[in-house]
Every structure is written in structure tokens, then in C-alpha cells.
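Asks: Take a look at the following structure, please.
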Amino acid sequence: MPRRVTLTDRQREALFHLPVDQGDLLRHYTLSDEDHLRRVHRGEKRRGPVPTAFVPKAWGRQLKTEDGTFDLTGYRLCTLDRLRRAIRRRDVFPVRSLRYADPRKGLLTGAAWEAARPTVCRTVGVAVAGDEEVAKLSARLDLAYRQTAARVPDNDAVTITSTASGADLSIEALDKIDEPLSLTDLHTAINARLPQLDLPELILEMHARTGFGAAFTHASEGNARAGDIATTICAVLVAEATNTGFEPLLRPEVPALRRSRLSWVKQNFIRAETLSTANALLVAAHNRIPLTRAWGGGEVASADGLRFTVPVRTIHAGPNPRYFGRERGVTWYNLVSDRFSGLNAVTVPGTLRDSLHLLAVVLDQETELRPTEIMTDTAGYTDTIFGIFHLLGLQFSPRIADIAGARFWRVDGNADYGVLDDLATNRINIKLIVEHWDDLLRLAGSLKLGVVRAAGLTRVLQTNDRPTRLARALQELGRLIKSLYMLRFIDDETYRRRILVQLNRGESRHQLARTIFHGKRGELRQRYRVGQEDQLGALGLVVNLIVLWNTIYIDAALNQLRAEGHMILDEDVARLSPLGFRHINMLGRYAFTIPEMVARGELRPLRDPGATGIDDA
């Protein structure tokens, strides 16, 4: 016997007063069902039979009362449930929603798009006509297949074998390059010259050199300042980045380090906007150091995630036993340039696919560097990402750990690609790409010009169970671009090593971040998303401060060594790293003194119950 249910006032309000726009692919739920209920709710006459085509079998019993008549209450709940599911699938879009609104409405249209199209195509390097672009890419793919197939017999790293399920491709792992003696000696000489200091000293010194603390303004009173505010800002950054809270930093005799001042600055000055502005200043200062040019030109960046366990109760964390055990956690997904500086980061609950957030972390970064090639680990790529990166004029270069599981695609089904012919068994739907080419350009142009945000749009385009035709067209384009990339990946060992080197820089940066974030067992204990983002944003800023300080002093040490007559090779300088931390004390210092009154046997004065207690940051 089904349980009797009734609608609450809030449910009625949600069902009868929620404006909804119809999406492209409504298959089961239609707005006529909602319109029918609106009429019933207003007491109007029903038009025709009750629409029930959208009702699944699981809800069938709820639509009948005990005497077999139609149950309008169950029908209302079923409609509400199907509407909720349709909104989550983004088949329909609530008008007043921020999270589930239709992001495609923000795309360039009409005269604005007609005016922007030539500029967008010229900027990203694609043709205005879809058939022209597809013909060019098809010719490139055909040539790449033939050239790579011709070199496979001489490529000792590549092995292709025939199996019962088809051709199997494997690539040997890259050999580790030993460090030459000249580089080892250079490391030793530089490390012997780097000054030793505490983390707070380092941050204060970088403020004195760059003035980054001025980027932190009051949330509501832009010019609000207090005496020695820079010291307080630096202290809060230390407390957040090291995850220790305020306790090790409190000095009642120093106004800038009193608990009330630290709490005031944390609440009003440390936020995403100010952290991003300060980070842009640090990246600009780092780029002005001549040494950074030896590490890269700034055109390359890598994206990877660092996992943090969140042991407190919160909806802004997700489970994954591999990374968090029995707890839940978040992923700090960040973008690192080939000059070792962090450009941007987002906080992701749990361990969602990195590709969902890759576009946002690349397009929303606000530094002066504009990388054109983005490298990721295996988890960071999908066909869709290859397609959208091509439309944005960017090169997407993931490290593919399991190349045997990757699928190769072709345009010409009759072409003979020799040893690669059995690998390229999948056909690309060229017609679909051409049909939606203008929409694809409009999507890329709107992203490029900042008309729409990447985060919401990519979720719509990557709906796995029901992709729209536009999403499928982007996926087909991505398969063509991915095949071009994989042919280069298996053919060029130097290219594979270049990707590995950049990803290793990101891993080394994560090791430094782990060392800094040592308090509370390295666990993130913020309950709310904004708190998580602000604390990890402070961590990223402190990592960049260390990178900047190390680069300045490594450059000074190199100049001193050259002045002393040491022979320094350019190839050794290119392999140096500003991510070392053994000369930096992250743990603070402890004073082994007691007040005179305690030494005389007296008790310390008891605290005032009305005073501010120990912070729980």
C-alpha cells in the first residue's frame, strides 16, 4: 500500500511559481505537464486528458488512490520529481537560478556575434567556414598518420602487436636522465649561499620588495587601514598557509599581532579578490627577474590537483577512499607556469574529473602570463576538452599514461596507414562538425571574450548521458584534434619528456605546499566553500612568495659565483628550481622563558570569561 503524501507550502511554491525555460532535448518531461498543474492549482477547467507520458513505472502506483481513482497529489509530486531531475540534467533551466540557469543564453548573438566573428577566428587561428577548417584538419591528420607510420619501424619505444580484440599499442617509459656532476656542484654551491630564515621573515621581506600587501583592501571600506597593517596581513597569511591558526603568532604586547587585529584582518581583508590581485603582483615581479627566462618563456603551464582531507562535517567535500580513507576531502586544482609560479587555482569537492574544471582554471586566471599550451596528467583529458582548446587557439598536451586504452580516429575510411591502419578503426563525423561550426565558434568566442563563464558552460557540454548535438559536434572535433596530438605523442620522445618535466614541476610545487601546510595533521578543517577557497588561496600565495624569494637569491648566488670565476653552464641553470625549502623554517620558534611572577611561585592571572576565546581557524 503506497504511503499517503501531501505537498507542503514550500513544495507548492516551488512547483507552481518556478519559471522554467525549455531546453534543447526534453524527452520525457514537457512544460505541458507543468501547465496542466498550474491550471488545476488555479481552479481552471482541465484541457483534455492528464499528460502522463513522462511518468516512469516506479511512480505508477503513486498516481492511483485506494479506490482506483486518479491521485492528483501523487501526480504533483511525480511532476516535481521529474522536473528536479530534468533541471539537474540541464534539460530545462530555471530562469531565476544561478547554478542551473542556461549558460548558453549568454553567448554572443545577432549583430554582436557578426561583428566579433572575424576577430575571434583570426585570434584563435581557425577558418570562418566549417568545411574549410575541417578540410584543413583532415589533410593534417592524413599526413600525420602517414609520416608517423613511416617512422614507427625505427621508433624503438613504440610497439604494436595484434591481439584477438585488435591492434595493441604500447610505449616504453622514459628513462631517467642522470644529473651531471656540474649540476650537482652548482646545487651545492647555491645552497651553501642561500640565507636561512623563518617563514614570517620571508613574507615580510617580499612585501618590502613588492608591496603586495597593499592589494589587500577592506571588504566594505576600500581605504580602511590600521597601524602596521602589513604585519597583520603577513601574520594571517602565515596562520592560514601553515594551518596552525593564530595561537603561535599571538603577541599581546604587539598591536599588530593581537587576536582582535588578526581576526579583523582575516574577516575583512583575506578573500578571493584580494588574493588574486596580490598573486598577479607576485607573478609580475617574478617575471622581471632575468633567471626566469632560463626556465621557460611563460607560454607553457600545467594543471594538477592536490588532495586535502576534510575531517569536519560539511557538504563541500566528497569521498574517495584512495585519497581520503574513511573521511571526505577536496581537491586543490591549480595552474603552474613553466617558470614555477602559480597562476590560478580552484577548490573542487571530492575528486571530480579534472577536465570539468580545467577550462575555468585556465581562462579565469588574471596574471600577465598567457600560456598557450596546457599540460595535464591522464585524468585531465577528454575529447571535449581537446575540441574546445583548439577553438580557443590553445594546445592541449596531456600525459597519456595508458596509451593502449586510447582510441585513434580517422576521417578517410579507405586510407591505408600501414602499421597504424588497425589502430585507426573509428570514424569522425565530419558532417556534424560542419553543421554546428558557427555555434562552436560562437561558443569559443563568448569564452574568449569573457561573455560567459567557463565553469557552468562546460558542465552543460559534458553531460555524459544525454549530450546535446552541439556537445556531440564539439566531441567529434575533439577526436580529430586528439588523434593529431596522440600521433605526435607516440612519435616524438622529446615532446613526451617536455611534458613530463613540466608535470614534475607541478608535483614539486605540491611537495612544497604540503610542507608549508603542516598544522592540524595537514587536514583542511574549513566547513564552508568560501573558507576552503580563501585558506587554500593563502597557501598558494605563500608558495609563490617562496618561489619569488628563492628566485631572487638564486639569481644573486649565480651572479656571485660568476664573479668568483666559476664556470656555469646554461643547461645547468635551466634545470635549477626555486622550490627548495630546507633553508626556510616553517615550524616557528618556542621561547623557554616564564614570567617573573611565575618564577616566584605565583599563579598566572586567570582569563576574563568575556574576552575573545581561542580561535577555531
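The values are calculated or read from the model by the stated rules, or taken from the named source; none is laboratory data. Computed from a predicted structure; not experimentally measured. Cβ coordinates were reconstructed from backbone atoms using ideal geometry, including for glycine residues, and neighbour counts include every protein chain displayed. We work out accessible area using only protein heavy atoms, side chains counted, and drop any ligands, DNA or RNA first. Shrake-Rupley method; radii C 1.70, N 1.55, O 1.52, S 1.80 Å.
Asks: Once neighbouring chains are kept in place and the probe is 1.4 Å, which whole percent of the accessible area of the stretch 358-501 is contributed by carbon and sulfur?
Replies: Working: 2430 of 5510 Å².
Accessible surface attributable to carbon and sulfur in the stretch 358-501 totals 44 percent.
Asks: Shifting gears a bit: Order 557-564, 495-502, 595-602, 278-285 from most to least packed using the mean count of other Cβ atoms within 10 Å. Display every interim value, and only then the final one.
Replies: Details: 557-564: 13.4, 495-502: 17.2, 595-602: 9.0, 278-285: 20.8.
Peptide ranking by packing, descending: 278-285, 495-502, 557-564, 595-602.
Asks: Quick one: with all protein chains in place, what share of the accessible area of the stretch 158-198 is carbon or sulfur, to the nearest percent (1.4 Å probe)?
Replies: Numbers: 1350 of 2760 Å².
Of all accessible area on the stretch 158-198, carbon and sulfur atoms account for 49 percent.
Asks: With every protein chain present, what is the per residue accessible area of the stretch 190-267 (1.4 Å probe, Å²)?
Replies: Working: 3550 Å² over 78 residues.
With all protein chains present, the stretch 190-267 gives 46 Å² per residue.
Asks: Among the lysines, which fall within straight-line cross-link reach of LYS431, defined as a Cα-Cα distance under 29 Å, with same-chain neighbours fewer than 8 residues apart omitted?
Replies: Excluding near neighbours in sequence, the set is LYS105, LYS136, LYS448, LYS482.
Asks: Work out how much length ASN191 to THR123 would gain on full extension: take 0.36 nm times their residue separation and subtract the Cα-Cα distance, in nm to one decimal. Before the final figure, lay out each step's value.
Replies: Values: separation 68, 0.36 × 68 = 24.48 nm, distance 4.45 nm.
Taking ASN191 through THR123 to full extension adds about 20.0 nm, to one decimal.
Asks: Report the one residue of LEU257, TYR333, GLY305 whose Cα lies farthest in the direction of the positive end of the charge dipole of the stretch 256-357 (charges on C-beta: Lys and Arg +1, Asp and Glu -1; origin at the Cα centre).
Replies: LEU257
Asks: Using a Förster distance of 51 Å, how high is the FRET efficiency between ASP67 and ARG521, based on the Cβ-Cβ distance and rounded to 0.05? Don't jump to the answer; show the numbers that get you there.
Replies: Details: r = 62 Å, r/R0 = 1.21.
That gives a FRET efficiency of 0.25.
Asks: Hey, what do the phi angles of the stretch 78-83 turn into as Karplus ³J(HN,Hα) couplings, whole Hz, using 6.51/-1.76/1.60 and θ = phi - 60°, x for Gly and Pro?
Replies: In residue order, the calculated couplings are 4, 4, 5, 5, 5, 5 Hz.
Asks: Right, another one. So, R0 is 60 Å and r is the distance between the beta-carbons of ILE315 and SER138; what FRET efficiency does that work out to, to 0.05?
Replies: Values: r = 47 Å, r/R0 = 0.78.
The calculated FRET efficiency here is 0.80.
Asks: Highest mean first, what order results for 444-451, 333-340 on Cβ atoms within 10 Å? Display every interim value, and only then the final one.
Replies: On the way: 444-451: 18.9, 333-340: 25.8.
The peptides rank, most packed first, as 333-340, 444-451.
Asks: Could you derive backbone 3J(HN,Hα) for the stretch 274-279 from the dihedral phi with the Karplus parameters 6.51, -1.76 and 1.60 (θ = phi - 60°), listing whole Hz in sequence and x where the residue is Gly or Pro?
Replies: 6, 5, 5, 5, 5, 5
Asks: Pop out the ³J(HN,Hα) list for the stretch 531-543 in order, Karplus 6.51 cos²θ - 1.76 cosθ + 1.60 with θ = phi - 60°, rounded to Hz; leave Gly and Pro as x.
Replies: Each residue's phi maps through the Karplus curve to give x, 4, 5, 5, 5, 6, x, 5, 4, x, 5, 5, 4 Hz.
Asks: Provide the FRET efficiency to the nearest 0.05 for the ASP412-TYR528 pair, computing r from the beta carbons and using R0 = 60 Å. Intermediate values should be presented prior to the final figure.
Replies: Details: r = 54 Å, r/R0 = 0.90.
That pair, ASP412 with TYR528, gives E of 0.65.
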